[in-house]
Amino acid sequence: MSTLQVLLTVSALLFCLGLTAALTRRSVIMILIGIELMLNAANLNFIVFWRAHGDSDPSGGFMFALFGIAVAAAEAAVGLALILLVYRHYRSTRSEDLNKLKG
Amino acid sequence: MWLVIIQLKIGIILTFFSLLFAVASLAERKILARIQNRRGPNRVGPCGLFQPIADGIKMLIKEDVVPRKADRALHFLAPIVMVAPMVLLFGILPYGGGLTLVDLEVGLLFFFAVSSVSELAVFMAGWSSANKYSVFGAMRAIAQMVSYEVPLVLVAITPVMVAGSLSLVHMVEDQAGYAIGVIPNWFVLTPWGIVGFLLLFVTSLAEANRTPFDLPEGESELVAGHLTEYSGFKYALFFMGEYFGIFAGSGLAVALFLGGGGAPLPLLQWIPPYLWFFVKLVVLVGIVIWVRASLPRMRIDQLMDLCWKGLVPLAFVNLIAAAIWHYSGGGWQGWILAGGLLVGAYLMLNRVVLRSRCSWERKYYLAKS
Amino acid sequence: MERMASHYRKSGGRWLGSGILRGMGVTLKNWIGSYFDPSRLVTVCYPGERLPLPENSRSFPFLIYDGDDPEAGLRCVACRICEKECPPECIHIENERDENGKPRKRPAVFDIDISVCMSCQICVEVCPFDAIEMDQIYAISTNARFEPLRLHKEQLLKPNEYFRELSPTRSAAADARREAERAKQAKKKEAGKKG
Amino acid sequence: MTSTEEVESISEKSERLLNISMGPQHPSTHGVFRMKAVLDGETVVKLTPVFGYLHRNHEKLAERTSYLGNMPYTDRLDYFCSLTNNWAYALSVERLAGIEVPERAEYLRVITAELTRLQNHLAFLGFLLNDMGVWATVLIYGFREREKILDLFESLTGARMMCNYMRFGGCRCDVPDGWVEEAKRITDELPGVLDELEQLLTDNEIVVARTQGVGTVPGRKAINAGLTGPVLRASGVNYDVRKVDSYGVYDRFDFSVPLGSVGDCYDRFMLRLLEMRQSLNILKAALNELPSGPIINPKAKNRNLRPPAGEAYGRIESPKGELGFYLVSDKSGTPYRYRVRPPSLVNLTLLEDMCVGQKVADVVVILGSIDIILGEVDR
Amino acid sequence: MNVVLFIIAALILVGALATVCVRNLVYCALSLAATFAALGMLYLALGAEFIGWVQILVYVGAVAVLIVFVILLTAPDRMRSVGPLFSRSRILGVGVSLGVFGTIAYAVHKSGSLKGSLSMPAETDMQSIGEELLSSYLVPLEATGVLLTVALIGAVLFAREEPVEGSEESQESKD
C-alpha cells in the first residue's frame, strides 16, 4: 500500500462520508455540507495525482483543483442563498417538508 | 544550530509583541486621557508603568463566569481561536535585519487566509454565550468583518501588482533605495500609494472592530456585543486578540506602503531595520488610538454602504491607477496620470455622497422678536 | 459659517473627510496642549492635591460657642425655630430642665441627623442668634448607617475662631451684627436704668 | 398604553420581530429610564417608554412643607439646572403673594439663569456625543468648561448643583467680591471653546450621518404635542418664553432666538450651540449693567409666608423647555396645591413617533437629542 | 514525510466523521471548518502551497462562515435535529455509500499502476503559477471570473428581503 494508494482511499472515504451526510441527514443545510465534503474529496484527488505525476510545474491537477475550489465556493454561496429563500417561504429547513413538487 | 536561531527569533518576536500589547493597553488609556485633558493611570508604579501588570493580575484573579445554558466547549474555545491566528500573523511580517522569521513566497495570501479565521471565533463567542444580545452582536460583527475583507484584499493587491510577488520581504526590497538622494521611494509616496495606505488603514480598523467601526461592542446599544458573557482571563484573551489584530493590520500597512525596515533618510540607515519597523508600527498604533478618541461610531447600514459603495470602487480605481503608474514608468507623468484619475474619482465620490445627504446646507433663522 | 444678520448659515462640508480631519485636529491640539498648556490639563490627583473650596461652600451645619468653654459660651437658646423651619426635619432639640422642671433657655440635646440633612442652610438663615453655621467638611463617611450619622451636641459644637477662619467675610458680618445687637441692648439697659 | 393584543397582531405579520428592552440600567439612558422596543431586524416597529423609577412624591411632599421649605426641594427637580427651578418657583410665589423684586436681584437672576443654560447645554453636548460613541472625549471637554461655571455657583450660593439661591422677592446672598470679574473672564473665554467644539463636531461626516434626517419632528406635530424649548424651536416654531412673557428684565437685552428648519437631531444639536452663543451675549450685557442696590425686597416675608388665597402660574424658559409652577394657596402656611409643568416629560411624549422607522442605534441618539432629565420627568 | 501525511489524513477523517455524526447543527459546521483546515494542511504537506492557503482562505474563511451565518438565520432554536437514529432511509443511505466506497477502494487496491511512491515536493514558485494561469488556462480563468460574478448577483437576488407589500417603513428603509 503506497502512500499514493493510502491518500486515494482517504479521499474515497471522505467522499463517502459526504455522500452519507447528503443522503441521510434531514436538514437541508446538512445536505449542502455533504456536497461540500464530496467536492473537497475530488479536489484532494486532483492534488494527489498531480503530486504523483512528480514535476513541479503547476499544470493539470493543480490548476483543476484551483478552479474546483473557485466553483465550489460559488456553488456554496448560491446554495445557501437558496436555503434562505426556502426557509423564508416554508418556515422550516427539514427536507421532508419541501414536498410541494411531489404532486 | 538553525533550529536554535529560529527559536531565538520566535522568542524575540513573541516577547516584543506581548510587551507591545502591555504597553499599548497602557498607552491607549494614557493617550485617551491626555486627549481628554486628564492624566490617565498614574497610581500603579511611576506614571502608571505597572498598570498593565496590575490589569493582568486582576484579569487572572477575576472569577471566570460561564452562563449556565452556555455551550461550555465553544465558550472555552472561542478566545483561543481568536488569538491563535493573530499570533501566526507575526511570523511573516518583514522586520528586516535578520529578524524576519520566515519569508513565505505566498506571504500576503497567508496573511488573509489566517486573519479570516477570527470571524469564526467571533461567531463561536457570540453563539456559545446563549444570550440574545451576543448573538445579535455576533451577527453584526461577522457581517462587518466579512464585507470589509473584500476591500482589504483589493487594496493589498495593488502593491503586489507593482512589486510583482506575494512575498512581503520582496515587497520591502522593492521599496528600498532613495529617489534623487533624499526621498525614499516607499509606495506611500506615490499617488496610488497614498490612497492605498488610507484605504488599508481604514479597512484594518474595521477588521479589528475599532472605532469608528466598533459596532459589535456598541455600548450604547447592545451592551458588549459578543463579549457580554466573558469575564476574567477569557475576556483578557479577546482584548489581546483585538490588539494583536491592530498590530498585524498596522504591520501589514508598514510592510506594504511604508517600506518595512527602510530608513526614511539615507543618513539614518545605521539604525537597524527592525527598529525602524518598530517605530513605524508604534506611530500607526498611536494614530489608531487617536482615531478612537475623536470619532463617533457608525451605524451598521452606513458602515455597509461605506464598504460597498465607497471603499470597494475606490480600491478598483486605485488598482487601475497603480497599473497606469507602473506603465507610465513612475516619475512626474505617472503622478499626473494616476494622480488625476484618483482625484477625479474622489471628486465624483465627494459629489455623490454630499448630494445624497438630504439637506446638508442648513439655515438657522435668528428670530429677533 | 458666515454670520449674517438674520441668518446663521451652516455651509455644508465641501470636501468629504475634511470634517473628520478638522475634528481630529482639535483632539490633537488638546493632546499636545495637555503637556504644555495648564488649561488643557484640569484634573488633580485627589487625595494628594485638593482643589481649594470657595468661602461660601457649605456641607453640614455646626453649632458655635464663644470663648473656650463650649457649655458656657453656647449661643443657641433652644428657640426651636430651626427645628420648625428645617424642610426634611433632621434637627431634634430638647430643652434643659432646671430643678423644678421649668425649661431653661439652653438645649440639653441638639441632634442633627446628617443622613437626612440636605445641606440647604435654611436653619442658618432663620436662626436669629447666629448660633448655627454651615461647615465645609465633606469626607465624613462612617461604617454604620444610622447611629454615627446622628451628630450630637458635643460633636456639633465648634469655637467661633473656627468659623472666623472658615469663612472670614461671613463671620465678620455675623460678629458685627452681634456687636451692634449687644450695643443696642446695653444702651436700652442704660435708658431703662436712667428712665 | 397599547394593549398586548395589538403587539401580537403586529407579530402575526412576520414573527421575526424581536422584543428587546433597553432597561433602566442601560448605559445610555439619562438616569433610570426604560424603553421597550419591538424591532423588525434593525428598524424599530414599536417603542414604549417606561419611567417612574425616580418618583419621589415631590408634589405631595410640597403640600405639607412651608413655602420657604419647598425652595430646596425645587433644586432636586432638574438637578442640572437648580437655579432656573428656583427662579420659576420664586416667580410663581411672588405672583401669588404680590411681592416686588428689586433691580439688582432681577439682574442676578438673569445672570445665574443664563449661566445655568450654558452649563446645561455643555453637558448635553457631552452626553449626546457619548451616546454616539465618542468615548467621553466631548463629554470631558464640555465638563471642563462646566466646572468653571459650577465653581462660580459654589462661590455665590455655596453649592455647585443644589444652589437654593432664590428667595421670594430677590436672592439670598450678594455676590462675593471678585465674582463679577471672574464671571466676565469666563464669558470672554467661552466663545473660543464653542468655536473649538463646533470645529470638532458640526462638520464631522460621521456625526452628520448619524444625526441628519434622524428623529424628524415637523413643526405642526411639535406644536400639537406641546413641545417646548430647543426641541420645538428646532422644528422652526418661534416660541421662547423669554421673548413671549419677557419676565424678569429680559426685555432690556437684545438677543435673538435661533430657529431650526428640518427639526431632526442635527438641528436640535446645532440649536443648543447657537443658544449658547445668545446666552453669552445676554451675560456680557447683564454683567456690565449690574446695578447696585438691595438684593432682596426688605418688605418680603420669607419665613412663615401666608400668601392670600388664590392661584398663580409662573413659567420661565429653562434650558430644557418651558418650566412652570402652578400654586393654589388657601391662606395657610403651606400650599394647597403645588403642580410642576416639567418640560422633559412633555418633550418625551413624542419619543415613540420619532423612533418608529429608525434604526436601533438611532433610538439612543434621538433620546439624547431631546435632552430629558429623569428628576424632572418622574418628580 | 509519510508520517506527517498520515497524521493529517487521520485528522481529516476524524473531522469529516464528526461533521456527519454530530446531532447539533452548529457543531457540524465547526467540525466542517476543522476538516477544511486539515485539508488545507494536507495540500501544504503535499507541496501545493498556493492551493493550501487558498483552500483555507476560501473554505475556512468564507464558506464555513456563510454556513454558520445561514444556520444562525434559519434555525436558531431548533438546533437538535430530531428523529429516530436508525430509520429505514438512513440505513439505505449508509449502505449505498458503503457500496461506493467498497468499489473505489477495491479499484485503488487492485490497480497496478499506482505503486510509485510520492517524490519530494519541489517548490512550485508563484511565477510559474501566474504564467500558467494566464497562458494555457486563460479561458477557464475568465470563465470562472464570469461565473463568480453571476453567482454573486444571483445569491444577492435570492437572499434579498422582498419589501413587505403595503408597509411604509420598509419602503423608507429601501431608499
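The values are calculated or read from the model by the stated rules, or taken from the named source; none is laboratory data. Values in this document were obtained by computation on a predicted structure and should not be read as measured data. Neighbour counts are summed over all protein chains in view; Cβ atoms, including those assigned to glycine, are modelled from backbone coordinates with ideal geometry. Only protein heavy atoms, including side chains, enter the accessible area calculation; ligands, DNA and RNA are left aside. Shrake-Rupley method; radii C 1.70, N 1.55, O 1.52, S 1.80 Å.
Here are the numbers for the structure shown:
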| read-out | value |
| --- | --- |
| Residues located in the range A:22-31, provided they are hydrophobic (A, V, I, L, M, F, W, C), without any contact (Cβ under 8 Å) to a residue 60 or more places away in the chain and within 7 Å of chain E (Cβ to nearest Cβ) | A:Leu23, A:Met30 |
| Residue pairs meeting the criteria (Cβ under 7 Å; at least 6 apart or on separate chains; first under 19 Å from B:Asp174 (Cα atoms), in the range B:186-202; second among the acidic types (Asp, Glu)) | none |
| Out of D:Ser66, D:Ser82, sole residue that is open to solvent by 10 Å² or more (accessible area, probe 1.4 Å), polar (S, T, N, Q) and modelled with pLDDT of 90 or more | D:Ser66 |
| Qualifying position, being surrounded by 11 or more Cβ atoms within 10 Å (Cβ to Cβ), modelled with pLDDT of 75 or more and more than 7 Å from chain A (Cβ to nearest Cβ), among E:Ser97, E:Ser111, E:Ser128, E:Ser87 | E:Ser111 |
| Filter pass, B:Arg292 being buried (at least 19 other Cβ atoms within 10 Å of the Cβ) and not in a helix (DSSP H, G or I) | no |
| Which listed residue, of B:Leu101, B:Leu108, is under 18 Å from B:Ser250 (Cα atoms) and open to solvent by 10 Å² or more (accessible area, probe 1.4 Å) | B:Leu101 |
| Count - residues of the range A:8-19 that are within 7 Å of another protein chain (Cβ to nearest Cβ) and open to solvent by less than 20 Å² (accessible area, probe 1.4 Å) | 5 |
| Unique residue being surrounded by fewer than 15 Cβ atoms within 10 Å (Cβ to Cβ) and not hydrophobic (A, V, I, L, M, F, W, C) when the list is B:Arg34, B:Arg29, B:Arg43 | B:Arg43 |
| Enumeration of residues in the range D:268-294 that are in contact (Cβ under 8 Å) with a residue 24 or more places away in the chain and either within 14 Å of chain C (Cβ to nearest Cβ) or part of a strand (DSSP E or B) (or both) | D:Arg268, D:Phe269, D:Met270, D:Leu271, D:Arg272, D:Leu273, D:Glu275, D:Met276, D:Arg277, D:Leu280, D:Asn281 |
| Counted residues, the range D:186-216 - those being part of a helix (DSSP H, G or I) and touching a Cys at 6+ places or on another chain (Cβ under 7 Å) | 1 |
| So D:Leu367, is it surrounded by 24 or more Cβ atoms within 10 Å (Cβ to Cβ) and assigned to a strand (DSSP E or B) | no |
| Test result for B:Ile13, farther than 30 Å from C:Arg40 by Cα, surrounded by 17 or more Cβ atoms within 10 Å (Cβ to Cβ) and aliphatic (A, V, I, L, M) | yes |
| From B:Phe213, B:Phe239, B:Phe233, B:Phe197, residue being in contact with a Lys or Arg (Cβ under 9 Å, 6 or more places away or on another chain) and open to solvent by 30 Å² or more (accessible area, probe 1.4 Å) | B:Phe233 |
| Subset of the range B:142-160 that is of a type outside the set (S, T, N, Q) and more than 11 Å from chain E (Cβ to nearest Cβ) - its residue that is surrounded by the fewest Cβ atoms within 10 Å (Cβ to Cβ) | B:Ile157 |
| Pick from the range A:27-46, criterion in contact with a Gly (Cβ under 6 Å, 6 or more places away or on another chain) and farther than 18 Å from E:Ser31 by Cβ, ranking: least open to solvent (accessible area, probe 1.4 Å) | A:Asn43 |
| Any chance E:Ile12 is touching a helix residue (DSSP H, G or I) at 6+ places or on another chain (Cβ under 6 Å), buried (at least 23 other Cβ atoms within 10 Å of the Cβ) and in a helix (DSSP H, G or I) | yes |
| Hey, D:Tyr338 part of a strand (DSSP E or B), over 21 Å from D:Val207 (Cα atoms), open to solvent by less than 10 Å² (accessible area, probe 1.4 Å) and among the hydroxyl-bearing types (Ser, Thr, Tyr) or not | yes |
| Scan of the range D:217-234 for residues that are in a loop (DSSP other than H, G, I, E, B) and surrounded by fewer than 24 Cβ atoms within 10 Å (Cβ to Cβ), ordered by number | D:Pro218, D:Gly226 |
| Any pair with Cβ under 8 angstrom, 6 or more apart, that starts in the range D:320-335 at a residue that is farther than 19 Å from C:Pro87 by Cα and ends at one that is open to solvent by 30 Å² or more (accessible area, probe 1.4 Å) and part of a loop (DSSP other than H, G, I, E, B) | D:Val328/D:Tyr336; D:Asp330/D:Ala309; D:Asp330/D:Tyr336; D:Lys331/D:Arg306; D:Lys331/D:Pro308; D:Lys331/D:Ala309 |
| Failed criterion for B:Ile5 (all others in (1) out of contact with any Asp or Glu (no Cβ under 9 Å at 6 or more places or on another chain); (2) in the same structural domain as B:Gly126 (by TED's automatic domain parsing) hold) | (2) |
| Residue list for the range D:236-259, restricted to those being more than 17 Å from D:Ser279 (Cβ to Cβ) and within 12 Å of another protein chain (Cβ to nearest Cβ) | D:Gly236, D:Val237, D:Asn238, D:Tyr239, D:Val244 |
| Tally, over the range B:86-139, of residues that are closer than 25 Å to B:Phe238 by Cβ and either facing chain E (nearest Cβ under 8 Å) or in a helix (DSSP H, G or I) (or both) | 31 |
| Residue within the range C:138-157 that is among the polar types (S, T, N, Q), open to solvent by 50 Å² or more (accessible area, probe 1.4 Å) and either under 21 Å from D:Arg172 (Cβ atoms) or within 17 Å of the chain's Cα centre (by Cα) (or both) present | yes |
| Subset of the range A:47-65 [open to solvent by 20 Å² or more (accessible area, probe 1.4 Å) and within 7 Å of another protein chain (Cβ to nearest Cβ)] | A:Ala52, A:Gly54, A:Ser56, A:Asp57, A:Ser59 |
| Qualifying residues in the range B:48-60 (those that are in contact (Cβ under 8 Å) with a residue 12 or more places away in the chain and not in a loop (DSSP other than H, G, I, E, B)) - the one nearest to the chain's Cα centre (by Cα) | B:Pro52 |
| Qualifying residue in the range E:22-30 (condition: part of a strand (DSSP E or B), within 11 Å of chain B (Cβ to nearest Cβ) and at pLDDT below 90) | yes |
| The lone exception for B:Pro272 - which of (1) over 30 Å from D:Thr211 (Cβ atoms); (2) free of Cβ contacts under 8 Å to residues at least 24 places away in the same chain it fails | (2) |
| Which numbered condition A:Gly34 misses (of (1) facing chain E (nearest Cβ under 7 Å); (2) assigned to a helix (DSSP H, G or I)) | (1) |
